Structures are given as C-alpha cells and as structure tokens.
1. Could you please report the charge total around Val76, scoring K, R as +1 and D, E as -1 over all other residues with beta-carbon less than 12 angstrom from its beta-carbon?
2. Using DSSP to define loop residues, name the GluC sites (Glu not before Pro) in the stretch 416-517 whose beta-carbon has at most 14 other beta-carbon atoms within 10 Å.
3. For a test of the definition: using alpha carbon positions, the gyration tensor, and the 1.5 limit on a/c, classify the chain as rounded, prolate or oblate.
4. Need one word for the stretch 100-139: rounded, prolate or oblate. Basis is the Cα gyration tensor (sqrt eigenvalues a ≥ b ≥ c); a/c below 1.5 gives rounded, then a/b vs b/c decides.
5. Using the Kirkwood radius over C-alpha pairs as Rh, can you work out the diffusion coefficient of the stretch 413-472 via Stokes-Einstein at 4 °C, viscosity 1.567 mPa s, in µm² per second?
6. Relative contact order, percent, of the stretch 146-260 when contacts are C-alpha pairs under 8 Å separated by at least 6 residues?
7. Quick one: in the stretch 527-634, what % of C-alpha pairs are over 18 Å apart?
8. Taking just the C-alpha trace of the stretch 584-675, give me its Rg and Dmax in Å.
Amino acid sequence: MTLPAATREKAESLRNQIRHHNYRYHALDNPEIPDVEYDRLMRELQQLEAEHPELVSVDSPTQRVGDAPISAFGTVQHELPMLSLGNAFSAEELQEFHRRVLDRLALDEQAELIYAAEPKLDGAAVSLLYVGGVLVQGATRGDGTTGEDITHNVRTIEAIPLRLLGSGYPDRLEVRGEIFMPKAGFDAYNDKARAAGEKTFVNPRNAAAGSLRQLDPKLTAERPLDMYAYSVGIADEGSLPPRHSQIVDQLQEWGIKVCPERRVVSGVQGCLKYYEKIGERRDQLSYEIDGVVFKVDSLEMQEELGFVSRAPRWAIAHKYPAQEELTTVEDVEFQVGRTGAITPVARLTPVFVGGVTVSNATLHNIDELHRKDVRVGDTVIVRRAGDVIPEVAGVILERRPRQTRQVQLPSICPVCGSHVAREEGETVARCTGGLYCSAQRAEALKHFVSRRALDIEGLGAKLIEQLVGMDRLKTPADIFRLSKGELSELERMGEKSADKLIRSIDASKTTTLARFLFALGIREVGEATAASVAAHYGRLANVLAATEVDLQSVADVGPIVAARLRAFLDEEHNLDVIRRLQDYGVEWPETDPVPVAENAPLSGKKFVITGTLPSLTRDDAKDMIQSAGGKVTGSVSSKTDYLVAGEKAGSKLNKAEKLNISILDEAALRYLLSE
Ligand code: D41
C-alpha cells in the first residue's frame, strides 16, 4: 500500500512545526505556543506515525525530545542521559500505563504495585553535581544529553546547599530536580516589572528558566528561585537505598530540598486518589504544577522495565487541565473601576482554560497592552492560574492576520464621557468624572454596602447596577431614601424582599466611624487606615478639621494617604454626601481621641490571616487584632510580624516560614490578645 502524498506532507509539516517550537522553548526560553498546543502537535504526529510506521524517520522529533541548547554558556555532557517523561492526559491513559507496567513485570491485575507519587513542578530541570559533598557543577537538562553550564547561577540559589550535610553520600553524587519560581515571587516580580514599565514573564516556568540563563549571576540572585530534587543520576562509590522514595528521603537528610507533598501510594487506585487530592489543592500550593508524577518505587523493577526512546517505562506524568490556552481577541474594551481606573479588557473567543470557560481577560494597563502589542484579531495566550483573574499573557505574532486593529487609550471615559487623565509616572489612566461617572458610582456603591463597610445585606451588585441605571442612586446617601414601595416594583423583587432590604438598610445606620470612613471609598484609605484614623480622632468633626500635616501623625498614614484624605474632604460634593448621610440617620458612637500608639497591646504589629480557624471567622480575628491596635494586611512580607494560620493554610504559610515570621494558631492569637 502506498502512502498518500498528503499524509507524508502532513507528517513533515508537523515535524517542522515541532522542531521550531523545540527551538523556541529549549534554546530561546521563549515559547510561542502554550504547552497544550505543543502536546497536541506531538500527539498528532505520534498518531500519524503509529498508523503509518513507514513514516517514522530517525530524525523525527518523536524519536528525540528537546533540542540542543545554543548560548553563551559552556555546555555540559550528561554522563547519564536525563530522561524525559511520558504523559497521561486521562485516568484511562494512566490505567493503560499501569497495565503495561504489570504486564512487563509479569504481575497479575491484583498485584499491589507501589508507586512513589510527587507533584510535577513547572520549572526547569537541572542537574547538580556534588564531589566529596561539595557542589561543583550545575547544568540545565538541555536535550537530555547536552545541557548548559549554569554553575555560577545555581550557586546563588539559597535553597541549593553548596555542601552536603551529614555523611555517607557517594563521592560523586548527581542530584536531579526542578528549579522553580514560587507563585508569590512570580507575582511580585511581574507586579514590579509592570509598575516599572518592563517586560513581564508569561508564567513561573519561563521566569525560572529565564532567570537561570542570565549571564550575570547577580541578576539570578535577585530572582526568588527555589528547588526540589526528584532523582539521582551519577552515584559513584557509596550506595543508595533500593527504593525511589527512600532515595529522596536520603537526599533530604543530606540537606537537599525535596517536595513535602511526595507520598507512596499503592496501585492505580492509589495513584488516581493522589492525583485527585493534589488537584484539589493545586491552587493552594505555593508553586505551580502541571501534573503529578508516578514512579515505580522499586529500583529493581525500574531496571527490569527499562526505557523507550529516552523515557523510562516505569514513570509517567498525569497532567492537570492546562492553565494556558490559545484563543483570539475579538475586541478590546475599557472598564472603569471604583477609583476611575481604566483597565483594558480583551473580549475573547471563549476558551476552556484552568477549569473554566474564559471569554474576558485583563490586559492590566494601557502600557502593558502596547508593550505586548496586543491587537484585535490577534491570537493570544490566555492564562488563568488559580483564583486570579484571567490575563492575556502574550501574543503569537506568527499567527497575526493581515487585518488587525491596534488599540489606543480612549481620551474620554467610555461610560460617562469625562476626560481620561494619567498622572505623571502612573501606569494607570483614570476617568476624571468621579461620582458623576455611573461606573464609578456603581462600584463606589458596591463598596459602600459591602460587608466590611456599611454591611447592607440584600443590596447586591445587580440591584445596584439596576438602580444606578435608573438614576435612582447617585450617591450613597440616596440608599437611605429608597422606599419599600418603589423597591417592590422592581423586577425580581417581591414585597417580602423589599421589606427585608429596607430593614437591613435601617440596621446599617448604626455603625462605627471606622466603617463609615472606609465605606466612603477614599483612594488609598483601606480598612486598616480607616480604623487608625477613626481611633486617632474619635470624632468625625476632628477628622474633617485635621490638616494634611496633622493627618500624618496617625499611625500608618504617610504623605500620600494624607493628601488623598484631605483632597477628598475638601470636595464640597463629598462633604454634602457626608452631611446627607448623617441627616438620614447614619450614626456611630463618638469618642475622645485615643492615640493608638501607646496603650494598645498590639500597636504597630502587622498580622496576616490565612486558612480556616477553628472557631473564629477571619473577619472576627481581624476585628480582634485591630481593636488591640494591630494591623491586618493581605500579603506576607518581611514586614509582617505574625501570621495567624488555620487549616488549609497554603502559600502564605510557606512564605512566612521562609521569612522566619512567628506563626500563631487561634489559641496562640487569643493568648496574645489576652496578655
Ligand atoms: O517535578 C518534576 N517536574 C519532575 C520531573 C519530577 N517530579 N520527576 C521527574 N522524574 C523524571 C524521571 C522519572 C525521568 C527521573 C521529572 C523528570 N524526569 C523530568 N523533568 C524534565 C524532564 C523529565
């Protein structure tokens, strides 16, 4: 049977595409397409070759994984090749793998085969060579045979010991593992780059690989990199235990970091359960993973199984849904937030990514949109990792159609027509319409009624938008003029719910000065600042009378916050809203000014709360800390004094541990508060 020319051409085209993407990925650290797309090309070629074995050529990318590196770095020949990993994209494929393993080992279906299970970190695979316990060489995996010498860079990574601990290690020991950039470090790096108008990384994996390929180790040292080891290559003179899991434990004893999530599981059921469990916690892990890896635990069995075309028959990666996908930009619109910030948002051809269908993705700000050169009509990479908002991570210029439309920052607000302005040095453009702008009005009102502000239950986003659209709500004060009669006439609003809403509006009138100040939605005045200002001045009149300089004497109020506060309070229309709110009966207990500074036990201490506490809600804990003078912030940094951690604490706990921050459980918090 002769092969149709079209099939031959198809295979050649796939090979060329794959070679090109191998080069972009391995040699340039700059992949054009997300992994899923690459996997699809590879699978298509594999399938084609399986159907027509006569098509297989020795130089087909299916016969070899990765491409040789080219760079200014020296090269390293791996004495033992660094193998690649096969993939399973479904439970069925994992079951097939398991069946093949049992078959080859001549074990029957019932045999309880032990697997070592570990997350598949999304970083860069490396080899570290220790001679006499001293780190002498670091290399990238490269194509598995030849890698790049990155010794000067790995030596800057604190997680990698320059000398092994303890004793009994082989004289020459090659540790293999994954260098990765934790999510928190990646986000912080990109936020900083974005604010400085610099290039951002598409994902933590590229960030890790890019950081390792810096020619200047000082730059690598500044990147928050970490490493977990997952296997051993060379091990001369000295013996290692007979199971993979034991080898990894042994590495840990010698001071090498290994993944705390690794487990030993039994049979395919154990593997599937592990896959599911890690999958549930994927978003909470402090690093990105794209799957889990299962390895036959017994080295003896591993040897018996051997490998095919550089992938061991005894290991497989079971993949999770991709967090990056390709789609096209149908339009770019500009959204207006509560503070007037104008954010470009891409309207996309809907695409399934990170477990949900995404049809909108943020472009962050106009500078970033231009830096990435995103145009209407472009094919882009959408990324949705965890609970963060989906973003356009990059453009695939190679797929740009002839006709595209470039996008400019509008000069007038798309919602209210006011001028759009951008302050010197700011990346964010804003609508100058203030509360005249219905977008800002709706967002400001949603904030005003939110739980930590006036806490008006039953006045949801939809209802606010409806009332703003009818011009029935212009300022927060208008909420207190709503009547039961007019509410019950609204769509989807019965007499009963109208009645309930009126009651919760009434109940919200008794509040605190701190909540009231926070509810006003003054830029830079978050909950903690509002609480400090309220405690410092005790009465609204005192706040209104404070000068910009005076405001700076409040704990945590610096020149920027003081200026924002004063500017807000100098606007006649804002004062008018405040007066009207008070006229409608919004009130709070006024006190004498209490300088927080001296008498509060936790004054000046910074707390972060994470996870689920046994009996307190996070808001309760926050209130308790704040009333003792402490400050509660959202993210852990070197300035954090305490992390209050409950069940299911994730990346914040890891970060706090890394930074040596005191960690409290609920009992310890209560004790601290009672002192
Ligand atoms: O976490 C990973 N990325 C990971 C990669 C892991 N946990 N285990 C791995 N095990 C292997 C074998 C089975 C070949 C020792 C791997 C990789 N390989 C691997 N990483 C990049 C290519 C192959």
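Every number here is computed from the coordinates shown, using simple stated rules; none is lab data. Remember, it's a predicted structure, so these values are computed and weren't measured experimentally. Counting neighbours? That spans all protein chains shown, and the Cβs are built from the backbone with ideal geometry, glycine included.
1. Computed value for this residue: -4.
2. Listed in order of number, the matching sites are Glu423, Glu424, Glu426, Glu457, Glu489, Glu491.
3. prolate
4. prolate
5. Answer from the Stokes-Einstein relation: 102 µm²/s.
6. Once normalised by length, the contact order is 41 percent.
7. Here the tail beyond 18 Å accounts for 56 percent of pairs.
8. Using the Cα atoms of the stretch 584-675, the pair Rg, Dmax is 14.6, 51 Å.
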